[in-house]
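The values are calculated or read from the model by the stated rules, or taken from the named source; none is laboratory data. Since we're looking at a predicted model, the values are computed, not measured. With ideal geometry, Cβ positions are generated from the backbone for all residues, glycine too; neighbour counts draw on all protein chains shown. Protein only, heavy atoms only, side chains kept; ligands, DNA and RNA dropped before computing areas. Shrake-Rupley method; radii C 1.70, N 1.55, O 1.52, S 1.80 Å.
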Amino acid sequence: LAPLFREIEANYLPKPLGEYIVAEKVDQASRLLSELGIDVWLTFVRETTESGDPVLPLIADHPVTWQSAFLITRRGERIAIVGKYEDEAVRSSGVWRDVRAYVEGIRTPLRAALDELAPASIAVNYSVDDVKADGLSHGMYLLLLEHLEGTPHASRLVSAADVIRRLRGVKSVTECGRLRAAIAATDAIFEAVVSFARPGRTEAAIHAFMHDRVAQGGMATAWDPAGCPIVTTGPDSMVGHGVPSPHLAVRAGGVFHLDFGVRLDGYCSDLQRVWYVPEPDETAAPADVRRAFATVQGAIDAAAAVLRPGVAGWEVDAAARAVVVSAGYPAYEHATGHHVGRAAHDGGGVLGPRWERYGRTPLHPVEAGNVFTLELGVDIPGRGYLGLEEMVLVTSDGIEWLSARQTSLPLLR
């Protein structure tokens, strides 16, 4: 796989990698603040190698140790207040124009910066719906209030959820390049696994094989390695966020399914692929399997036809769900899609139903530049789970397929 990864790097990955994205995202943040009518966005963090804010890698290249404040304004000011001995590292990126170091405590320089900016609103990182926008811990929030006590700034704190949702959700050109590279690397591993995953191979053995390929490419899995890839070989496999079995194996008459992604240079892929394992006398998948595949593919087509800027996430989900239910299958018990970016589940919107567990996330309008999965599946009695998952980029009037769609059901012999 080494030549392939060199080709991916040459074709998709601009250099230097980190500086481009941080510069793009900090500029984007100022524009978003202006659009949302928010004066200042404050990211307040400490010990970020242990408990970092999920948004920090988008706006700063370096971890920080002491209490640190990163302020971006709607007018374009960028002020970083960090501990002495970390100021040079933050300054070296060239993104933070005003870096202020402190020794004894952050309270005085933080107050001074806010006094200079005189904001009517200060967005901080908390959210009840979006984990990626909820990076300000309760303790840090209380500490921030303590630092701002006696100033007008304490009463001007608002949620930065909308800022972070759109910052993570609307991808830059460089981010899209990294996503394409992660998809290409994932496709290469899918191709490699076909020659290995023969009848008799256990789920655990296939899982280990794919991990070897990930390591060879200098990558990581897109989510927790214990459950990435998700490997299902028949009706007794765990469906969903399960772990591969050392006992269950690929078998004739069953559906072989993988849910897998890689993290390459900080960005993730998330795809599902499926095969049918024929009996010795079968030359094609049986009717029940073909019907399930056609239904799943038709539901993804229906979602893709609706997905465009301005549409609410729940509307995309409803279009896909209607296809599955009208075909006589039970409605699947998850969303039809989610953002992908620095995390496999990235951003604050979801293409999902208006269920309590999703909060307001299905209500957010889709934006051009969003990258979503389109994913769903059905259980086939006696054969297992048949699911597909693709990745798409939302354009000004529809979508672009980032992944090469699976449009046929191959046999795995």
(message) With +1 on the Cβ of every Lys and Arg and -1 on the Cβ of every Asp and Glu, and nothing else charged, how large is the dipole of the chain about its Cα centre, in debye rounded to the nearest 20?
(response) 300 debye
(request) Would you mind checking the tilt of helix 2-12 against the longest principal axis of the Cα atoms of the chain, expressed as 0 to 90 degrees and rounded to 10? (result) 50 degrees
(request) Keeping all protein chains in place, calculate the accessible area per residue for the chain (probe 1.4 angstrom), answer in Å². (result) 41 Å²
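Can you put Trp41, Trp401, Trp275 in order of accessible area, largest first, using a 1.4 Å probe?
Solvent-accessible surface, decreasing: Trp401, Trp275, Trp41.
Let me know the shape class of region 33-154, please: from the alpha-carbon gyration tensor, a ≥ b ≥ c as square roots of the eigenvalues, rounded when a/c is under 1.5, otherwise prolate if a/b is greater than b/c, or oblate. Please list the in-between numbers first.
On the way: a/c = 1.18, a/b = 1.10, b/c = 1.08.
It comes out rounded by the Cα gyration axes.
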(request) May I ask you to give the percent of accessible area on region 71-219 that is carbon plus sulfur, with a probe radius of 1.4 Å? (result) 51 percent
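In region 333-413, what percent of the accessible surface is made up of carbon and sulfur (1.4 Å probe, ligands and nucleic acids excluded)?
On the way: 1540 of 3100 Å².
The computed percentage sits at 50.
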(message) Suppose each label sits 7 Å from its Cα in the direction of the beta carbon; what would the Val325-Ala112 distance come out to in nanometres?
(response) 6.1 nm
(request) Give the angle, between 0 and 90 degrees and rounded to the nearest 10, that separates the Cα long axis of helix 107-117 from the longest principal axis of the Cα atoms of the chain. (result) 90 degrees
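Give me the count of lysine pairs in the chain whose alpha carbons sit under 24 angstrom apart, restricted to pairs 8 or more positions apart or on different chains.
Numbers: Lys15/Lys25; Lys15/Lys171; Lys25/Lys132; Lys25/Lys171; Lys132/Lys171.
Here the count comes out as 5.
Taking the Cβ-Cβ separation of Ala252 and Thr407 as r and a Förster radius of 25 Å, what is the calculated FRET efficiency to the nearest 0.05?
Working: r = 24 Å, r/R0 = 0.96.
Between Ala252 and Thr407 the formula returns 0.55.
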